[in-house]
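Right, one structure below, let's go through it.
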Amino acid sequence: MFSLINIFCLAVGITFSMIIGVFVLDSENVNTDIQDINSQYIIKSKWKQDNMGLDITTLGPLAKTMKDEYPGLVANYYRFDAVVNIVSVGDKHFRTQISVGDTTLVSMYGFPLLYGNAKQAFTNGQSAVVTEDFALKFFGKTDVINKVITIQTPSDGGKHDFAITAVLKKPSGNTVQNFTGLAYQVYLPMDANQYFQGGDKGDNWANVFMVSMLELKKGVKPAGLERPFAQVLEKYQPPFVKGNLKVQLAPMSSYYLKENDGAVQKTLTTLSLIAAFILLLAIINFVNINIGTSAYRLKEIGLRKVFGGAKMQLIIQYITESLVLTFTAAVISLSLYEMLRPMFSQLLFTTLGHFWQFSLAKISFLLLLVIIVGFISGIYPAFVLSSSNVITAVKGKINSPKGGLFLRKLLLVVQFTLAIVVFISALNVSKQVSYFFHKDIGYNKDQVMIISSLPRQWDSAGVEKMKMTKSELLSVPGVKNVSLSYDIPDGNSGANLNIYPQNNNNFISMIGISADESFAAVYGIKSKEGVFLHYNGGAYIPGNIVLNETAVKAMGWEYPVIGKTVRIGGLTGPLLTVVGVVKDFHFESLQKSVQPVVMYDINETFSRAYRYFSIKLSAANAGGVINALQDKCKTLFPGTGFEYSFMDEKFQSLYLSELQLQKAAGIATTLNLIIVFMGIFGVVAFTLAKRTKEIAMRKVLGADVRNIITIFLKEYALLILLANIIAWPLAYSITNKWLENYAYRIQQDFIPYLFVCIFIFITAFVLITAQCFKVANANPVNSLKYE
């Protein structure tokens, strides 16, 4: 029984450690297959004022200019602008991730090609490089050189053909091809660009949204470019950027782990600690049970010493026994790994490979893990028991093992402490995640359907066509309202705009949202003052904007603000009039505080673009309404396909890492408790066997079953109480540190701590009582006759 407990607990610990270990190794290996990885860097921006730009993008021409003006420092550059559009081949139409960038893509990073010339993957402005998956989806084969794909150009709604000149081998996962977690499938050249129909976007110094990367010359360090960067910015930056931007180089080798304030690294660290806790609990069980059963082997140790057995032989024997048990657990864990692999792949948003596909690094990790666990688990019997006094060992005295009782109690306290910390932390994580989904976010996401497969024609005629389409969609039974917009509140910030209040030369950076007059009604955004954009008989009135409450505060205005004017983009930019103020709503996740927001009509000359139809559905027969909308869309724009999602799904995607942590913490808590309680079962079982005569004597002297059970409960109650005293400050500190990442968060209270304490006490007491009851009820005569 003790061997089964040891093997099972070790198998659970090794399985979880193997899953997390594989995930960590895969994450650490992101970008390692990029050519000259230690010379590759991403240009990051540090803006003086929020909302002026993104930290992951910078000025369009900056990377190219650095290469042109400092060829002794910069070996190469790559810039791209990620877009999403409908790609067509015959009657196949799919919304596809597209990267419009420099033609250095393949040569700079050494991406392997299935077909095409690696030195010149793009042959002209109308060529395209596609991925292996894209070729299979559209053509059913990978050899698609010279095949033609059709993409709609957003500026005029026209369609342009691009000939495929190279096919990329399926990427292993890297920052260049998955910059924001989205895998690009089509790559178009930025030079002589046919997509934007406005020339090379990389030539515009006012464009602050270009992802830019540099390859430095061998031996050149990022510090060597600080002064050149400053000189180039001083020479070329536009007035609104001057004094507001600093750039720095982030190593490509560690970017995946450290981006977004080290979110991935924090997740890996958290999961690794959880795996270490579970494995440590399994090892503690092994040691505890070995301490308990060691007395049975004292005579064996003494006799072996009497007959000439050397101490080293005993050490080797016990270490070997421990390794055999651990390797047995490891074999079982391989089966458990395969069983749990699909579930954890979904949980971790990755694909964990089969164990027979493990690389040498993963096999080495597993072997090292098993050897370390086996060695640590066997330390006590190997080194302590082998040092036992020969005379006392031959007599088989139970108390001979050095410090056995104290060590066993200490390890039980450690077990309970770890389990309580993880349990409390898991409950607080769950409370925070629940808070995300129940807090008033300022808009209603329920029953809002998002259609994203729209034909792109970003001019006045295109917008008018979409407004006519909107009328058609409104005629579908079950559709309550429809809004056409460029932005939706899914965490992907809208435009970053500089707004100049009237009679003020200082600008305020705001998030810009481009939408029509129905946007507030569809999302249930509440008005504080005025109206949500002015329309006259269905036609929009130009020059009107709506602010949120935070924007009004940022302006330093007092209510009422209706009729006040601002300029956008510069002191001579378009003059806009405030016609309404809406109450604050969370356009981004709750990790960030509400930012100043300005909303304007999609027909404004500076914002004439759209991407989504947001459709408010009636609660009844949603499935039938979706089918009707699909039929309507196929009729209205047959060359785009039909892709949709729901706003509550997009909202949920804002908290994928939190949901991931919540599930992982829940699994860890369950495994921790299983291991701890199995350990208690083993220790109590041995203790009862050791104290059989004592219990019999107590019964003979008048003790009843309740008295005997109470003796054992008191012994373990003290250990559990001590564990809670140690665990509570630790759990509070860990949870509080994690909650600091969120602008909006729960306040810790006493309930999770008290719940965990009571749960541990009750479960442990039930388990102990169940084991003690049988022994306490046994006939004392039989127990006293037992030798």
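The values are calculated or read from the model by the stated rules, or taken from the named source; none is laboratory data. Keep in mind that this is a model prediction, so the values were computed, not measured. Here Cβ is always computed from backbone atoms with ideal geometry, including for glycine, and neighbour counts include all displayed protein chains. Just so you know, the surface numbers come from the protein's heavy atoms only, side chains and all, with ligands and any DNA or RNA stripped out. Shrake-Rupley method; radii C 1.70, N 1.55, O 1.52, S 1.80 Å.
Note on the stretch 45-156: with charges restricted to the Cβ of Lys and Arg (+1) and Asp and Glu (-1), its dipole about the Cα centre is near 120 debye.
Taking every protein chain into account, the accessible area of the stretch 214-276 amounts to 55 square angstrom per residue (probe 1.4 Å). Selection among S172, A554, A121 by position relative to the dipole of the chain gives S172 as farthest towards the positive end (Cβ unit charges, Cα centre).
Compute the signed sum of charges (Lys and Arg +1, Asp and Glu -1) over the other residues within less than 13 Å, Cβ to Cβ, of N288. Here the charged neighbours net out to +2.
Between S733 and F606, the C-beta separation translates, for a Förster distance of 51 Å, into a calculated FRET efficiency of about 0.55.
Relative to the Cα centre, what is the charge dipole magnitude of the chain, using +1 at the beta carbon of each Lys and Arg, -1 at the beta carbon of each Asp and Glu, and rounding to the nearest 20 debye?
Details: 70 positive and 54 negative charges, 654 e Å.
Computed about the Cα centre, the dipole is about 3140 debye.
Using all pairs of distinct alpha-carbon atoms, the Kirkwood hydrodynamic radius of the stretch 226-280 works out to 14.4 angstrom. Be a star and scan the stretch 591-630 for residues whose amide nitrogen sits under 19 Å from the point 7 Å along the Cα-to-Cβ vector of E464. Zone members listed by number: 601-610. Cα centroid separation, the stretch 50-101 to the stretch 502-573: 31 Å. Among residues other than A665 with Cβ under 14 Å from its Cβ, the summed charge is +2 (Lys and Arg +1, Asp and Glu -1).
Note the full-extension length gain between K235 and D261 as 0.36 nm times their separation in residues minus their Cα-Cα distance, in nm to one decimal. Don't skip to the answer; put the middle values down first.
Details: separation 26, 0.36 × 26 = 9.36 nm, distance 3.07 nm.
Full extension from K235 to D261 adds 6.3 nm.
Keeping the other protein chains in place, figure out the carbon and sulfur percent of the accessible area of the stretch 67-123, with a 1.4 Å probe.
Details: 1120 of 2290 Å².
After summing per-atom areas, the C and S share lands at 49 percent.
Comparing S607, V84, P729 along the charge dipole axis of the chain, the residue lying farthest to the positive side is P729, per the Cβ-charge model. The portion of the accessible surface of the stretch 425-524 made up by carbon and sulfur, rounded to a whole percent, is 48 (1.4 Å probe; DNA, RNA and ligands excluded). The distance separating the Cα centre of the stretch 418-491 from that of the stretch 599-637 comes to 12 Å. Indicate the helices, whole DSSP H runs only, in the chain that combine a mean Kyte-Doolittle hydropathy of 0.5 or more with a Cα extent along their long axis of 24 angstrom or more. Result, helices passing both filters: 2-28, 252-293, 311-347, 360-377, 404-438, 656-690, 705-739, 751-776.
Between the residues A135, I145, A419, the greatest Cα displacement towards the positive end of the dipole of the chain, with unit charges on the Cβ of Lys, Arg, Asp and Glu, is found for A419. Quick one: net charge around L114, please, counting Lys, Arg +1 and Asp, Glu -1 for every other residue with C-beta under 10 Å from its C-beta. Spelling it out: positives minus negatives among the neighbours equals 0.
Across the accessible surface of the stretch 544-602, with the other protein chains kept in place and a 1.4 Å probe, carbon and sulfur atoms take up 51 percent. Per residue, the accessible area of the stretch 517-675 comes to 41 Å² when a 1.4 Å probe rolls over the protein heavy atoms.
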